[in-house]
Amino acid sequence: MSNTTAAATPGAFQFPEIYNFPPFFTRQPNESTWQEQRRQWCDLILAYYKHNRLYSLTLAEAITEPPFTNRQIHRSLRVDVLRELVDDLVKQGNASWTGAKNAKDSCLVLWRKPEVWASMIYQWANERGLFNTVLTVFELANGDDAVGQEFHNLDSVTLRRALDVLQSQGKAQLFVGTSDEDMGVKLFV
Amino acid sequence: MMKDNLEDFVREHQRDIRNNPAFRVQVQRMCQLIGVDPLSSRKSYMSELLGVGDFYCELGIQIIDICVATRSINGGLMDLDELLRRLIRRRLKGSEPVVEDDIRRAISQLKPLKGGYKIVCFGKRKMVQSVAREMNSDQAKVMTLAQYTCKFTMEDVRVAFGWDEDRIHSCVDDMLRSGIVWMDEYNEAYPEYWVMAFFSQLNSALTMANAE
């Protein structure tokens, strides 16, 4: 599973003020405080992952790194709390569990939903006159034509999700290759 | 006679009153000495003369806005200094400067609201409370205990006040339930309880200092 950081936004990520608050890393016993806390965490996860162009996380590894660990204040989120947060993101369409069924140990972080990636790719193909041409999936995201596009060097699993959306909308046809990169795609009106 | 002179004075210096907070405070004190309360009615002739009716109304709305937006994080309690800082940051460039005295007056105008806006003090800390809640004296004592460190453990409370376990638990539970305190379980044996409003003030002061 690729995890490219090719087009990461320049400049350091700006953490919200609450990130320096040690209790932010403890699941709050007060229900309404917890509601606010989980909302802030979900926003933070999506913003952080978007800024750094990260697309997936494995829970057990992720909690030892930012944003789930804040070394300055020596705090880390617990795995079970992170699992709850990912479930929240899944509910809002911004994450998807991967790996063994019900294991909930790894996921995709969809800081941009597949439908949105799909529409960006489709629009670009239209502008470049690429309809009815067969491209390899790899070429689509990594070729010269993709340079400067948001989806340039897009993580292959996320890309595949976007193309699946286009296929289900009747706007694309995927052709099986020997691997995800080999796979071909034809976009059409 | 005095009132007429005061009215003339105010009319002449209307712009200064709006733009110079120190001057504004002095004029208001003068009004009070003479027995005129410019804020007693928004439509009052004096408040129109002073041109401050709108100013405090607008300020009141901004204060309510900030308090409501942060309530789910701080349980409706915010340090007065932090509120002032947020107001200044939020107000457009070129609008009238604001000082602590203005906040106090704006808040006194908000008293009739169900929100229960008022100023409460814990030791040296001055806080704006924006929910209708009576903090009992145990909680107030603990808040004062934590005023500098922003946090406390149950052990700290026991050592400071000698209360029994039930009384401490009950107090801490109330504070958690009201949303003014967050729990930090880093040390599972001795969890720390942080007063969000105290931390927030410290943190925002540091952030602004670093930004300058």
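Observations, loosely collected:
- Helical contribution to [θ] at 222 nm, DSSP H n ≥ 4, -39,500 (n - 2.57), averaged over chain B, rounded to 500: -18500 deg cm²/dmol
- In terms of Cα atoms, the Rg and Dmax of chain A work out to 18.4, 56 Å.
- Rounded FRET efficiency, nearest 0.05, which uses the C-beta distance separating residue A:13 from residue A:150 and R0 of 22 Å: 0.75
- Selection from B:193, B:10, B:123, by position along the positive dipole direction of chain B (Cβ): B:10
- If you take the Cα centroid of region A:27-42 and the Cα centroid of region A:80-154, the two points sit 28 Å apart.
- Relative contact order for region A:8-143, counting Cα pairs under 8 Å that sit 6 or more residues apart, in percent: 22
- The accessible-area ordering, largest first, of the residues B:16, B:174, B:184 stands as B:16, B:174, B:184, per a 1.4 angstrom probe.
- Working value for region A:114-175: equivalent-ellipsoid semi-axes of 15, 13, 11 Å, each the square root of 5 times a Cα gyration tensor eigenvalue, largest first.
- This model, with +1 at the C-beta of Lys and Arg and -1 at the C-beta of Asp and Glu, gives region A:66-131 a dipole about its Cα centre of some 180 debye.
- Computed label-point distance, nm, for sites residue A:174 and residue B:58 using a 7 Å Cα→Cβ extension: 5.7
- Whole-angstrom Cα spans of region A:12-102 along principal axes, big to small: 34, 33, 21
- In region A:25-85, a dipole from Cβ-located charges (positive for Lys and Arg, negative for Asp and Glu) runs towards its positive end, and of A:45, A:79, A:28 it is A:45 whose Cα lies farthest in that direction.
- Test item: Cα-centred dipole of region B:91-212, Lys/Arg +1 and Asp/Glu -1 on Cβ, debye: 840
- Residues B:135, B:127 ordered from highest to lowest accessible area at a 1.4 Å probe: B:135, B:127.
- Computed Kirkwood radius, in angstrom, where 1/r is averaged over Cα pairs of chain B: 19.2
- The magnitude of the dipole of the protein assembly as shown, with charges of +1 and -1 set on the Cβ of Lys/Arg and Asp/Glu and taken from the Cα centre, is near 880 debye.
- In units of the rule-of-thumb radius 2.2 N^0.38 Å, region A:72-152 shows an alpha carbon radius of gyration of 1.51.
- Relative contact order of chain B, defined on C-alpha pairs under 8 angstrom at six or more residues apart (%): 17
- Ordered from longest to shortest, the equivalent ellipsoid semi-axes for the protein assembly as shown are 53, 31, 16 Å, each the square root of 5 times a Cα gyration tensor eigenvalue.
- Largest accessible area first, the residues A:136, A:33, B:149 order themselves as B:149, A:136, A:33 under a 1.4 Å probe with ligands, DNA and RNA left out.
- Taking a span of 27 Å or more along the helix axis (Cα atoms) and a mean Kyte-Doolittle hydropathy of at least 0.0 as the rule, the DSSP H helices of chain B that qualify are B:53-74.
- For region B:85-203, a Kirkwood hydrodynamic radius built from all Cα pairs, placed in the Stokes-Einstein relation at 37 °C and 0.692 mPa s, yields a translational diffusion coefficient of 205 µm²/s.
The values are calculated or read from the model by the stated rules, or taken from the named source; none is laboratory data. If you're wondering where the values come from, they're calculated on a predicted model, not measured in any experiment. When we count neighbours, we look across all protein chains shown, and the Cβ atoms used for this are built from the backbone with ideal geometry, even at glycine. Quick note on the areas: whole protein, heavy atoms, side chains included, nothing else; ligands and nucleic acids left out. Shrake-Rupley method; radii C 1.70, N 1.55, O 1.52, S 1.80 Å.
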